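Trainee: Let me begin by handing over the structure; questions about it come next.
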Amino acid sequence: MRLQPIFLRLTGTALIGTTLLGGSARAAIIRQDFMVASDPGVALAVREVSEESLSLGKPPVVLLHGARVPGIASFDLPVEGGSLAADLARAGHRVFIMDARGYGGSSREGQDGRQDGRPLVSSDAVVRDIGAVVDAVQARAGVSQVALLGWATGGHWAGMYSSQNPGEVSHLVIYNSLYGAPAGHKTLGPGSDTADPNNPDQFNIKRFGAYRLNTAASLLPSWDRSIPVENKAAWRDPKVAEAYQAAAIASDPTAVSRNPPSFRAPSGAMADSFELASGRKLWDAGPITAHVLLIRSENDFWSRPEDLTTLAQDLKRAAGVRTITIPEATHYVHLDLPERGHSSFLAEVIRTLSQPRATKAAR
C-alpha cells in the first residue's frame, strides 16, 4: 500500500437525511467528495458514501462504472431506488465511487479538441487509476484490502486489476461483464456496427474516434429493449430513469454547450470491449484470490453466458466463486425495481461481502 495525495471537499449536500432516502428509522447518509492523484497530471474524482453509524469489520467497497456513464450517475442517484452506494452503506460498508480518467469529475486529457484520433483511455490506464484509488481507500479506512464491484466494463477493469494485484482485494463482484469468451456477439466484435467495414476484424476507430458524445435520449433505448414488458414503468421507476439521464449530463461541465446537451466518454473502453467480444482475453483470472461473485442478468445485451462460465472456470485460486443468473433481469438490474431483480442482486452482493476475508499474505 502506498500513500496517495487526497484532496477532500464536502459536497454541497454532504448529509442526506431520511426524507430523501425514505424511512424515518434510517440513519443519515453522509457523502464526501475528494480527489486522488493517479499518473502524473491525472486526478481522479471519488465520492465516499457511508451511514453515520458504521459497522466495524466490514470491507470498504469501491464501485466501478462502465464504458459510458460515470460513477455518480451509475451508482448514487438522488432518488429512492437509484443509489446502490446508499444500499451498501446501509448494510454497514464504507462505499467509494470512482471516476476513471476521462469520465465525470476526473481528468479529461484529450477531450477538449477534435473527436477524431486513437481511442482514449485503455484498460491498462484504468487499472492504474484503480490502484491509486485502492491505495487511498486503504489509507483512509485503515485497512489492507478492499472489495471491488464493477458493472459491465467496470467489471472487466476490476477483474483485470484484481488479477494483477490479488493481495489488495478481499472481495470481487463482477456483473454483466465481458471476459473474452469465444468470439461472437450480437452488438460487439466482428460483423457488428463497432467493426471497421473495410476490415471487419478491427475496431471502427473512424466511427468512434478518441471520445464520443452522448445525449440523455441515447441512454434509454438499450434499457427499454431489454425490459420484457411493454409498460417500462412496471420494470423501472420513471424517476430513476430521469435521474440517470440528468446525472449523466451533469457529469460533464461542457454538456450544456452543445445542442442537444451531451456528455463526453472516452472510446478506449469500446475498443477493448471489441477485443473481448472477438474472443481475445485481455487478462487472466487465475491469480485472483478474493471471494468472487459473478452475476449476469438473463436479458443482458452486453455480457454472454459464456463470459460467466469461462471466467468461473479460470478462477482457480479464488477463496470462493459463486455464479448467479438473475431471471429476466436487465443490464441495469441495480437500477430496476426491487421485484424486477434489484432485491435479488443486492442480496447476493451483500451475502458475498459478508464472507470473512483471508489473511493477506506478507510482501
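Trainee: Taking a cut-off of 24 Å between Cα atoms, list the lysines near residue 58, but don't count ones fewer than 8 places away on the same chain.
Mentor: Within the straight-line cut-off, residue 58 pairs with 360.
Trainee: In region 258-336, what trypsin sites (Lys or Arg not before Pro) fall in a loop by DSSP, with at most 16 other Cβ atoms inside 10 Å?
Mentor: Passing both the DSSP loop test and the Cβ count: 258, 280, 281, 316, 317.
Trainee: Which of the aspartates and glutamates could a cross-linker span from residue 232 if the Cα-Cα distance has to be under 20 Å and same-chain partners fewer than 8 positions apart are dropped?
Mentor: 80, 224, 242, 298, 300, 328, 336, 339
Trainee: Follow-up. What is the sum of charges around residue 72, taking Lys and Arg as +1, Asp and Glu as -1, for the other residues whose C-beta is under 11 Å from the C-beta of residue 72?
Mentor: -1
Trainee: Provide the FRET efficiency to the nearest 0.05 for the residue 80-residue 328 pair, computing r from the beta carbons and using R0 = 22 Å.
Mentor: E(calc), rounded to 0.05, equals 0.50.
Trainee: Under a Cβ-only charge scheme (Lys and Arg +1, Asp and Glu -1), can you give me the dipole magnitude of the chain about the Cα centre, in debye to the nearest 20?
Mentor: Around 560 debye, computed over the chain.
Trainee: Now for a separate question. Lysines within cross-link reach of residue 281: Cα-Cα under 22 Å, excluding same-chain residues under 8 positions apart?
Mentor: List returned: 186, 316.
Trainee: Testing the spin-label approximation: label points 7 Å from Cα along Cα→Cβ at residue 124 and residue 232. State their distance in nm.
Mentor: 3.9 nm
Trainee: Run the numbers on the chain and let me know its relative contact order in percent, using alpha-carbon pairs under 8 Å that are six or more apart.
Mentor: For the chain, the relative contact order is 18 percent.
Trainee: A further question on this structure: Suppose every K and R has +1 on its Cβ and every D and E has -1 on its Cβ; what is the size of the dipole of region 145-304 about the Cα centre, in Debye to the nearest 20?
Mentor: The dipole magnitude comes to about 240 debye.
Trainee: If you average the alpha carbon positions of region 174-243 and of region 97-158, how far apart do those two centres end up, in angstrom?
Mentor: Cα centroid of region 174-243 versus Cα centroid of region 97-158: 20 Å apart.
Trainee: Given Cβ point charges of +1 (Lys, Arg) and -1 (Asp, Glu) and nothing else, what value in debye, to the nearest 20, does the dipole of region 37-176 about its Cα centre take?
Mentor: 140 debye
Trainee: Can you pull out the GluC sites (Glu not before Pro) in region 233-310 whose DSSP state is coil and whose Cβ has at most 16 other Cβ atoms within 10 Å?
Mentor: Here the sparse-neighbourhood loop sites are 298.
Trainee: Going by average Cβ neighbours within 10 Å, how do the peptides 130-137, 67-74, 244-251 rank, with the highest at the top?
Mentor: 67-74, 130-137, 244-251
Trainee: Restricting attention to region 107-181, which trypsin sites (Lys or Arg not before Pro) occupy a DSSP loop and are surrounded by at most 15 other Cβ atoms within 10 Å?
Mentor: Those satisfying the criteria are 114.
Trainee: Out of 197, 269, 326, whose Cα points farthest toward the positive end of the dipole of the chain (charges: +1 Lys, Arg; -1 Asp, Glu; placed on Cβ)?
Mentor: It is 269, whose Cα lies furthest towards the positive end.
Trainee: Using helices alone, I'd like the mean residue ellipticity at 222 nm for the chain: each DSSP H run of four-plus residues gives -39500 (n - 2.57), total over residue count, nearest 500.
Mentor: After summing the helix terms and dividing by the residues of the chain, the value is -8000 deg cm²/dmol.
A short reminder: the numbers here are calculations on the coordinates, not readings from a lab. Model, not experiment: these values are computed from the prediction. So basically every Cβ, Gly included, is an ideal-geometry build from the backbone, and we count neighbours across all protein chains shown.
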